[in-house]
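Undergrad: Quick one: this structure, given as structure tokens, is what I'll be asking you about.
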Amino acid sequence: QVQLVQSGGGLVQAGGSLRLSCAASGSIFSINAMGWYRQAPGKQRELVATMHSSGSTNYQDSVKGRFTISRDNAKNTVYLQMNSLKPEDTAVYYCNFRDSLKDYWGQGTQVTVSS
């Protein structure tokens with residue numbers, strides 16, 4: 001089992017920055033990928049950014065060049081640095097860790113970008 005605890009998020013004006021954190025505990029040695037997803041009101045949850053255990057990354061086109069996923073192995077933490085935020089980035093953001101058997105999710109954190 002893996003437990004994920006998110007922090008960060010909040011309210012920011014358009015053009016501002018936020019950093020989300022996701023601290024993992026438990027059987028993290030089995031994790032092969034981690035990432036961030038978001039869900040806006042009335043919409044399906046969508047992938048924002050992912051990082052494979054190899055370090056390779058993948059981003060949704062709308063956040064490329066603005067968001068950066070990174071990890072600190074010593075702290076078992078994955079981050080999402082969000083710059084140049086836009087009102088359309090407003091959503092609940094969820095971190096995700098994946099092993100060969102299942103997905104693990106953080107509790108979600110609200111990000112609101114005002115225009």
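The values are calculated or read from the model by the stated rules, or taken from the named source; none is laboratory data. This one's a predicted model, so the numbers in the text were calculated from it and none came from an experiment. Counting neighbours? That spans all protein chains shown, and the Cβs are built from the backbone with ideal geometry, glycine included. The area values use the complete protein model at the heavy-atom level, side chains included, leaving out ligands, DNA and RNA. Shrake-Rupley method; radii C 1.70, N 1.55, O 1.52, S 1.80 Å.
Undergrad: What do you reckon, how do T57, T77 stack up by accessible area (1.4 Å probe), largest on top? Kindly include the intermediate steps, with their values, before the conclusion.
TA: Values: T57 70, T77 15 Å².
So, going from the largest accessible area down, we get T57, T77.
Undergrad: What nm value, rounded to one decimal, do you get for the distance between Q1 and S30 when each label is placed 7 Å out toward the C-beta?
TA: With each label point 7 Å from Cα toward Cβ, the separation is 1.2 nm.
Undergrad: Right, another one. Report, in debye and to the nearest 20, how large the dipole of the chain comes out about its Cα centre when Lys and Arg carry +1 and Asp and Glu carry -1 on their Cβ.
TA: Dipole magnitude for the chain comes out near 60 debye.
Undergrad: What translational diffusion coefficient, to the nearest whole µm²/s, does the range 1-55 have by Stokes-Einstein, given a Kirkwood radius computed over alpha-carbon pairs, a temperature of 37 °C and 0.692 mPa s viscosity? Please report the intermediate quantities before stating the final value.
TA: Working: Rh = 13.4 Å.
It comes out at roughly 245 µm²/s.
Undergrad: Tell me, what is the FRET efficiency for D99 and A14 to the nearest 0.05, using R0 = 35 angstrom and their Cβ-Cβ distance as r?
TA: Approximately 0.40, to the nearest 0.05.
Undergrad: From the P(r) of the range 1-95, could you give the percentage of C-alpha pairs in the tail past 23 Å?
TA: Values: 946 of 4465 pairs.
Here the long-distance tail beyond 23 Å is 21 percent of all Cα pairs in the range 1-95.
Undergrad: On a full-extension model of 0.36 nm per residue, what is the gain between K64 and S115, subtracting their alpha-carbon distance, rounded to one decimal in nm? Write down the numbers at each step before the final one.
TA: Values: separation 51, 0.36 × 51 = 18.36 nm, distance 2.04 nm.
Here the answer is 16.3 nm.
Undergrad: Which value, in Å to one decimal place, does the Kirkwood hydrodynamic radius take for the range 73-115 when every pair of different Cα atoms is included? All intermediate terms of the calculation are to be shown ahead of the outcome.
TA: Values: mean 1/r = 0.0806 Å⁻¹.
For the range 73-115, inverting the mean 1/r across all distinct Cα pairs yields 12.4 Å.
Undergrad: Sequence gap at least 6, Cα distance under 8 Å: using those rules, report the relative contact order of the chain to the nearest whole percent.
TA: Computed value for the chain: 36 percent relative contact order.
Undergrad: State the extension gain, in nm to one decimal, for the chain segment bounded by S84 and D72, taking 0.36 nm per residue of separation less the distance between their alpha-carbons. If you can, show how the numbers build up before the last one.
TA: Details: separation 12, 0.36 × 12 = 4.32 nm, distance 2.32 nm.
Between S84 and D72, full extension yields 2.0 nm more.
Undergrad: Then there's this: When every alpha-carbon pair in the range 54-98 is counted, what percent end up more than 11 Å apart? Please list the in-between numbers first.
TA: Working: 738 of 990 pairs.
The answer is 75 percent, as a whole percent.
Undergrad: What lysines sit close enough to K86 to cross-link, taking a C-alpha to C-alpha distance under 18 Å and skipping anything fewer than 8 places away on the same chain?
TA: K43, K64
Undergrad: Give the span of the range 25-71's Cα atoms along each principal axis, as three whole-Å numbers ordered largest to smallest.
TA: 35, 24, 12
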